[in-house]
1. Identify the residue in segment 79-106 that is of a type outside the set (Ser, Thr, Tyr), part of a loop (DSSP other than H, G, I, E, B) and surrounded by 20 or more Cβ atoms within 10 Å (Cβ to Cβ) and, among all such residues, is modelled with the lowest pLDDT.
2. Looking only at segment 193-224, how many residues end up being part of a loop (DSSP other than H, G, I, E, B), of a type in the set (S, T, N, Q) and within 16 Å of the ligand (Cβ to nearest atom)?
3. It is to be established whether one or more residues within segment 267-288 are under 27 Å from residue 118 (Cβ atoms) and assigned to a loop (DSSP other than H, G, I, E, B).
4. Has segment 240-250 got any residue that is more than 16 Å from the ligand (Cβ to nearest atom), over 30 Å from residue 52 (Cβ atoms) and in contact (Cβ under 8 Å) with a residue 24 or more places away in the chain?
5. Is segment 149-160 home to any residue that is modelled with pLDDT of 55 or more and either in contact with a helix residue (DSSP H, G or I) (Cβ under 8 Å, 6 or more places away or on another chain) or surrounded by fewer than 16 Cβ atoms within 10 Å (Cβ to Cβ) (or both)?
6. Against the condition touching an Asp or Glu at 6+ places or on another chain (Cβ under 8 Å), modelled with pLDDT of 95 or more and outside any strand (DSSP E or B), how does residue 36 come out, does it pass?
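The values are calculated or read from the model by the stated rules, or taken from the named source; none is laboratory data. The model shown is predicted, which means the values in this text are computed figures rather than measured ones. In this analysis, Cβ positions are derived from the backbone assuming ideal geometry, glycine residues included, and neighbour counts consider all displayed protein chains.
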Amino acid sequence: MDKISEEFSNSAFSATSFADKAVQRFIEVYEKLPKSGKPTAEEFTVLAGILLFQRSTGYMEVVSIATGTKCIGGSKLLAKGSVVHDSHAEILARRGLLIYLYETIKRTLKGEITMFKLGDNKLELSSDYEFHFFSSQLPCGDACIMPKDEDFEFIGMPVLTENQTTLKNKRKAENDISNINSKEPRLAPDIQRTGAKCLPHCEQDTREPGTKYHLLGQVRTKPGRGERTLSVSCSDKISKWINLGIQGSLLGILLKKPIYLKSIIIGGGVPYNQESLERALLLRNPNFKIENVPILEQSSVVFPYIKSNLRHRAGPASIVWVNLKESFTEVGTNGIRLGLSKKFLGDVKKSLQVSKYYTYNRFVQLLLLYKKETLKEMIGVESVQTIPYYEMKRKNKEYYDKWAVVKKDFFKTWTMKPDIWDFCASIQ
Ligand SMILES: [Zn+2]
């Protein structure tokens with residue numbers, strides 16, 4: 001048992017110190033990664049990650065981390081699942097968790113570990129284990145709309161000088177928290193603004209000066225320059241995980257009940273507002289009771305590569321690291337492997353491991369460990385290799401029924417990418 005684990009077993013659970021120690025762990029893992037895909041001296045990035053905590057022993061382990069701030073446009077959608085559309089760190093860290101869980105379940109089915117209990121062919125995460133989520137800044141979208149904090153410039157956030165204003169306007173759409181504090185005293189109260197727009201078919205922001213600029217609690221698309229994306233903001237996606245579980249529909253097929261995050265920790269040195277975060281993540285559908293409400297808090301530990309005067313440009317690459325037996329790190333840019341030669345574009349086998357294509361392959365490989373009769377019982381068919389991705393997801397009727405209820409009052413405006421993913425797994 002390492003030092004931090006010992007401290008946890010010997011002392012009462014302290015949320016604040018837990019958050020700080022967790023963030024330190026994420027940063028340690030990040031620092032040990034190779035340079036490829038990391039921001040240069042002028043670039044910033046977002047770090048997100050997921051941590052496993054064992055209550056009985058105090059053992060904590062980083063399960064996955066990811067960096068990234070980019071999302072590609074709607075016209076680049078590919079039905080083969082080979083391109084990663086949404087490379088925001090939070091989304092990639094969750095994909096990393098899924099890969100970790102597939103691996104863990106495989107080992108459980110082989111009788112190697114006991115993190116999941118198996119009963120009636122369905123798996124259940126032991127109540128001794130918790131998953132904690134981290135992001136070095138507030139998730140893009142609704143959570144970023146909050147009152148401006150005049151003092152913020154003193155704790156490490158960039159303060160723009162006048163000649164940087166033009167630059168700021170140019171980047172306005174690129175960065176989520178774009179309207180950064182200026183040194184001049186303000187006469188009227190104002191809010192932080194987001195470049196994440198309301199969905200096209202919905203009511204739009206008023207853009208009136210001051211606090212009424214934005215509508216609150218709206219589903220928004222990812223902020224970004226150029227062509228609009230079809231991916232919704234991280235505030236929306238994380239809220240969906242809180243409502244339905246972070247396992248998603250595919251993995252849910254194998255589980256007795258959803259896996260809920262125990263806490264969501266935001267890094268230090270960035271704007272933070274408890275009320276905005278609660279609104280964005282917990283209160284989107286006031287008529288739906290969230291089964292396990294996560295703790296939302298800010299750590300005082302600062303990820304060193306957040307946006308600042310020096311680091312004013314978003315790094316183009318994304319890194320994903322997953323805690324598997326065999327080392328797993330991959331670097332992507334524009335949704336494909338960094339440095340992938342043009343002649344391999346469109347070759348699904350060269351996709352990122354976090355792409356839909358490969359995560360679905362891993363899932364189907366997991367299904368193949370089950371007996372045919374069990375598969376028939378779980379998903380209605382014995383042969384799983386001919387089932388396309390979109391169809392397999394819908395085998396989890398319970399998940400989609402619940403999603404329909406969650407969406408009914410509020411998320412009904414959730415953007416729907418056309419359901420084009422008709423690819424099947426290709427297992428050798
Ligand atoms: Zn985001």
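1. Out of the qualifying residues, it is 81.
2. Total satisfying the criteria: 2.
3. Taking segment 267-288 as the starting set, the residues that turn out to be under 27 Å from residue 118 (Cβ atoms) are none.
Within segment 267-288 (the criterion being under 27 Å from residue 118 (Cβ atoms) and assigned to a loop (DSSP other than H, G, I, E, B)), the answer is no, since none of the residues qualifies.
4. No, that holds for no residue.
5. The answer is yes; a qualifying residue exists.
6. It is false that residue 36 is touching an Asp or Glu at 6+ places or on another chain (Cβ under 8 Å), modelled with pLDDT of 95 or more and outside any strand (DSSP E or B).
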